[in-house]
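Below is one structure, written out as structure tokens; the observations come after it.
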Amino acid sequence: PLSAQISVIVNVGSSAVLHCDCKPIASSQLSKQSPYIKWRTTNELVFERLGEEHFQGEGYEDRVDVPEDKLRKGNCSLVLKEVKAEDAGVYESYLQVKRSKRSIQTTWKLIQSVELSVHGSPGSSKQPPILITARVGSSAVLPCDCSEIMSSDSPLIEWRTFSGTVFERLGEEHYEGEGYEGRVDVPEDKLKKGNCSLVLKDVRPEDAGVYESYLVITGSEQTRRVFIQSVELSVEGTLSAQSSVTVSVGSSAVLHCDFKPIASSQLSEQSPYIEWKTTSQTVFERLGEVHIHGEGYEGRVDVPEDKLKKGNCSLVLKEVKAEDAGIYESYLVVKRSKRSIQTKWVFIQSVELSVNGKERICL
């Protein structure tokens, strides 16, 4: 091709222009005769034009054109109207040229390759992800509606993250991705009505992230994925509400924290990486024997390693000062997926510490 593959993104029901310029290779022919242009996908002919004569491929009738007046000027762009979900895919344009100046034999020369992506919601651009928040151990529903782009009552639907497939369903057959076994579903009865929402049970910290749903259209030679919906799932790490602790200046405080419910899979494999912080600074971090005390907390804070290995991430704060009062939050570092090296912080517990102003007097 004369240029690299280009991408075009449109919505269902709108029009698309698949750009193509054949002037560089057809300039010698433009003044003598009408160019013979052809657009096709990997498995079918979409459109042909030679002068006033043209052909529209099956399924594209009255929706495609390369205007003759523009083609004579070297503009071979394909106009595609009333875009459908199944139009998504790679389109290629070809120009018929002579093998040589003196030859009567011709050949087809590739001009341009265009990847057309079709978004499922007509009349709107791709929207940012829908935000969903769930707590560890609860269930989440990631909303999805494919009723406007379904071509049958048994569509092939796929949910995936950046790292792999989460769930697929085609009729009664379904597939559950690694780590999601027994926890995900798009109910078949609801899918038949255009509801492609993903039900995720027993939510885990590593489930947090962006999920995307696709309608998968399979052909004899090509499979197309039509984007439907993007959902960002945030996971809160504890089922308990914010707790409160009240102590006196000079005493000790224990800010309770338990991450066994969300880290059971990691406890036997490696030392947990825990962090306690306030809204303005890090208070304490521990990874195995390595630990960090935040400024102003040196020698006064700890999450004992032996207890941490058992899932007790409570922060011990000694010699409490008046300025220690405030909200403390604990976070656990977890892998995004079993096979990923990327990590993320998962919120576990929030504790409000109140400090009485006078030191306790011992008699």
Quiz item: At SER147 and THR278, where each label point lies 7 Å from the Cα along Cα→Cβ, what is the point-to-point distance in nanometres?
Solution: 5.2 nm
Quiz prompt | Rough spin-label spacing in nm, given labels placed 7 Å along Cα→Cβ, for VAL17 and TRP345 | solution = 4.7 nm
Quiz item: Once the Cβ-Cβ distance between SER243 and ILE9 is put in as r, and R0 is 41 Å, what FRET efficiency do you end up with, to the nearest 0.05?
Solution: 0.30
Exercise. Please report, as a whole percent, how much of the solvent-accessible surface of the stretch 131-206 comes from carbon and sulfur atoms (probe radius 1.4 Å).
Key: 45 percent
Quiz item: Which of the aspartates and glutamates could a cross-linker span from LYS318 if the Cα-Cα distance has to be under 14 Å and same-chain partners fewer than 8 positions apart are dropped?
Solution: GLU298, ASP302, GLU359
Self-check item: Pairwise FRET efficiency - GLU181 versus GLU352, Cβ, R0 = 41 Å, nearest 0.05
Solution: 0.60
Exercise. Kindly flag which residue pairs out of LYS84/LYS192; LYS81/LYS109; LYS38/LYS81; LYS38/LYS192; LYS81/LYS190 have an alpha-carbon separation exceeding 28 Å in this structure.
Key: LYS38/LYS192; LYS81/LYS190
Practice problem: Provide the gained length on full extension for the span HIS291 to GLU53, in nm with one decimal, where the gain is 0.36 nm per separating residue minus the Cα-Cα distance. | Solution: 78.0 nm
Quiz item: Using mean Cβ contacts within 10 Å as the protection proxy, how do 286-297, 65-76 order, highest first?
Solution: 65-76, 286-297
Quiz prompt | Order by protection proxy (mean Cβ within 10 Å, highest first), peptides 184-194, 224-234 | solution = 224-234, 184-194
Quiz item: What order, most packed first, do the peptides 211-217, 316-322 have when packing is the mean number of other Cβ atoms within 10 Å of each residue?
Solution: 211-217, 316-322
Quiz item: Given 0.36 nm per residue, what is the gain on full extension from ILE130 to LYS307 after removing their alpha carbon distance, in nm?
Solution: 59.9 nm
Quiz prompt | Gain upon complete extension [GLU68, SER230; 0.36 nm per residue less C-alpha separation] | solution = 54.3 nm
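The values are calculated or read from the model by the stated rules, or taken from the named source; none is laboratory data. Please read these numbers as outputs of a predicted model, since none were measured by experiment. So basically every Cβ, Gly included, is an ideal-geometry build from the backbone, and we count neighbours across all protein chains shown. Ligands, DNA and RNA are excluded from the accessible area calculation, which covers all protein heavy atoms including side chains. Shrake-Rupley method; radii C 1.70, N 1.55, O 1.52, S 1.80 Å.
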